[in-house]
Amino acid sequence: MALDDDGGGPAMRDEIVIDDSGGERRRAFRRRLPFGRGAILIVGDRSHIVGVADLSITGAYLTSRAPVAAGETHELRLLILPSRVAVALKVEIIRVAAAEHESSDHPRGVAVRFVDLDEEARRILAAFIAREPRPKAS
């Protein structure tokens with residue numbers, strides 16, 4: 001599955017997030033991706049096609065009904081376009097939203113954190129996240 005330049009934001013920066021108790025915290029800029037951008041989540045000996053709702057250098061939100069639980073570690077495979085660079089990332093499941101949509105930005109799925117991200121993978125992700133999206137053809 002491939003990630004291309006059809007959506008996202010202008011530049012990589014930190015976002016300020018307000019939690020449920022009203023407190024502020026910073027998190028890595030998350031590039032939101034249009035519906036249909038996919039990846040493969042390897043769970044044991046099974047491969048699950050997942051949607052990538054957003055992506056940062058620290059993790060991602062995946063639309064999926066794969067049978068996973070918080071705390072598990074799996075592999076996420078991405079193909080970054082237009083450079084056609086394949087990236088395999090070790091991910092830890094942070095949160096599973098199996099019953100309801102969390103918000104319009106986060107339908108049912110799983111939040112993952114990248115584990116042991118090497119410098120090459122970090123560089124590839126940072127370049128993709130920071131890149132301007134392609135203009136839409138009119």
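A cut-off of 5 Å between modelled amide H atoms, ignoring neighbours fewer than 5 places along the same chain, links Arg95 with Ala111. 3J(HN,Hα) couplings calculated from phi for region 84-97 with the Karplus curve 6.51 cos²θ - 1.76 cosθ + 1.60 (θ = phi - 60°) are, in sequence order, 6, 9, 8, 10, 10, 10, 7, 10, 10, 6, 9, 8, 10, 10 Hz; Gly and Pro show x.
Bear in mind these aren't lab numbers, they're just calculated from the coordinates by the rules spelled out. All figures in this text were calculated on a predicted structure; none of them were measured in a lab.
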